[in-house]
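In what follows, a structure is listed as structure tokens, so that the remarks can point back to it.
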Amino acid sequence: MTHNWFPVLPKNRQVLLVLLPVFIVAYAVLVAIYHDKTEAYAVSEAQKAALDVLLSHKAVHRYVVETQRPEIYRLQGEGLLYKEYFSPKVMSFTFIARSVKELINKERESAGLPPVYFKLAADNPRNPINQADEYESALLARMNRGEVKEIREVVQQNGEPTLHVAVPIDRSSAGCLKCHGDPKDAPAELVARYGSERGFHESPNSIRALISIRVPLAPALKEANAIADLLAFVTLLIMATIYGLTYFLYSGSTASNGLPSPVRALSRPRKSTPRICSTRPTS
Ligand code: HEC
């Protein structure tokens, strides 16, 4: 008698046919979840990098305003430094913060990390390097009108997904107007260096600039996708194994009573023990 393993009987085939789409849908849902979660993780990592840049900027700002500049003013007050002395290298927090960021980016690049864009974007900048682009300028206007507090969004920049973070700097105070109000009040060396056109006549209490940070997402997304692909592959292996085992169990015999064949084999009534040698060969 020829033993026919295939095709399976209708009832078994039904189970396998129902299971297949269930497995495919479950797999597709899991893969979508993996990609969604790992991408969200990549964005949150980029947000942490942006926050890091922001906090280090704030620390530099505080140090310059609270420690370094008063020290220069003290020297000037005591007559140890001439009154008109002004150097952005030691007195401008924006100059210092930008220089520190440039050094950090050099370090990042030599450590194989992508550089992080950082700008104190202003509409009336003293240093043209701080000129706000269209996007930053529109945002600054909205911040000044109180329409928006801060921005965190993923946008396509030059075809690359990029995290944009924008936070306003503190509103200007009377102290700022010494150098950003009337040029006549500003240190002569400042005017000699930057001229009397740019960065002056600012209104008090305005938001002069926003801190604009852009973190490229491509490297983190690449890593996230690699992790999602690995998880998807492992899931595929596990599901294929489970399906394969199910297939093996359900399609193992032509006799059907709705139970997998090993179960059927166990539940089958036992025949009488076969005798080892029932007939003697006739000589
Ligand atoms: C002692 C002078 C001085 C004082 C006081 C001062 N600034 Fe400035 N500020 C400068 C100089 C110089 C620059 C240009 C530095 C550079 O080359 O980036 C500048 C640049 C800036 C910039 C970058 C945009 C631009 O104009 O190039 C912002 C924003 C800014 N200042 C905000 C402020 C605020 C807010 C205050 C008060 C809390 C303040 N500044 C006080 C001298 C000063």
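The values are calculated or read from the model by the stated rules, or taken from the named source; none is laboratory data. Computed from a predicted model, the values in this text were never measured in an experiment. Counting neighbours? That spans all protein chains shown, and the Cβs are built from the backbone with ideal geometry, glycine included.
Looking at the range 126-138, can you tell me whether even one residue there is of a type in the set (A, V, I, L, M, F, W, C), more than 14 Å from the ligand (Cβ to nearest atom) and assigned to a loop (DSSP other than H, G, I, E, B)? Checked the range 126-138: no residue is of a type in the set (A, V, I, L, M, F, W, C), more than 14 Å from the ligand (Cβ to nearest atom) and assigned to a loop (DSSP other than H, G, I, E, B).
Among residues of the range 174-194 that are within 13 Å of residue 88 (Cα to Cα), those with a Cβ under 6 angstrom from a residue that is among the basic types (Lys, Arg), sequence gap 6+ or separate chain, pair up as 194/126. Here residue 97 meets the list (1) farther than 30 Å from residue 230 by Cα; (2) away from the ligand (no atom under 16 Å from the Cβ); (3) touching a strand residue (DSSP E or B) at 6+ places or on another chain (Cβ under 9 Å) almost entirely, failing just condition (2).
Taking the conditions exactly as written (away from the ligand (no atom under 15 Å from the Cβ) and assigned to a loop (DSSP other than H, G, I, E, B)), does residue 114 satisfy them or not? Taking the combined requirement at face value, the residue satisfies it. Restricting the range 189-216 to residues that are in a helix (DSSP H, G or I) and among the hydrophobic types (A, V, I, L, M, F, W, C), the residue that is surrounded by the fewest Cβ atoms within 10 Å (Cβ to Cβ) is 192.
What number of residues within the range 195-217 satisfy the criterion of being small (Gly, Ala, Ser) and either within 22 Å of residue 66 (Cβ to Cβ) or touching a residue at least 60 places away in the same chain (Cβ under 8 Å) (or both)?
Initially, the range 195-217 is screened for residues small (Gly, Ala, Ser), giving 195-196, 199, 203, 206, 209, 212.
From what is left, the residues that are either within 22 Å of residue 66 (Cβ to Cβ) or touching a residue at least 60 places away in the same chain (Cβ under 8 Å) (or both) are 199, 206, 209, 212.
Of the residues in the range 195-217, 4 are small (Gly, Ala, Ser) and either within 22 Å of residue 66 (Cβ to Cβ) or touching a residue at least 60 places away in the same chain (Cβ under 8 Å) (or both).
Which of the following residues is in contact (Cβ under 8 Å) with a residue 60 or more places away in the chain and under 30 Å from residue 100 (Cα atoms): 26, 42? Explain how you work it out, then say what you get.
Numbers: 26 fails: under 30 Å from residue 100 (Cα atoms).
Residue meeting the stated conditions: 42.
Step by step: first the residues of the range 154-186, then only those that are more than 12 Å from the ligand (Cβ to nearest atom) and loosely packed, with under 11 Cβ neighbours inside 10 Å, then the one that is modelled with the lowest pLDDT. Which residue is that? The qualifying residue modelled with the lowest pLDDT is 158. Criterion applied to 30, 19 was being in a helix (DSSP H, G or I), closer than 30 Å to residue 238 by Cβ, in contact with a Ser or Thr (Cβ under 9 Å, 6 or more places away or on another chain) and at pLDDT 90 or above, and the one residue passing it is 30. Scan the range 137-153 for residues that are modelled with pLDDT of 95 or more and closer than 19 Å to residue 216 by Cα and the total you get is 0. Step by step: first the residues of the range 71-110, then only those that are among the polar types (S, T, N, Q) and not in a helix (DSSP H, G or I), then the one that is surrounded by the most Cβ atoms within 10 Å (Cβ to Cβ). Which residue is that? Step by step, filter the range 71-110, then rank; the result is 92. For residue 126, are the conditions met, namely being basic (Lys, Arg), at pLDDT 90 or above and out of contact with any helix residue (DSSP H, G or I) (no Cβ under 7 Å at 6 or more places or on another chain)? Answer is no for this residue.
Each row is one residue, and each column tells you yes or no for (1) over 15 Å from residue 214 (Cα atoms); (2) in a loop (DSSP other than H, G, I, E, B).
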residue: 120; (1), (2): no, no
residue: 141; (1), (2): yes, no
residue: 146; (1), (2): yes, yes
residue: 154; (1), (2): no, no
residue: 162; (1), (2): no, no
residue: 166; (1), (2): no, no
residue: 172; (1), (2): yes, yes
residue: 179; (1), (2): yes, no
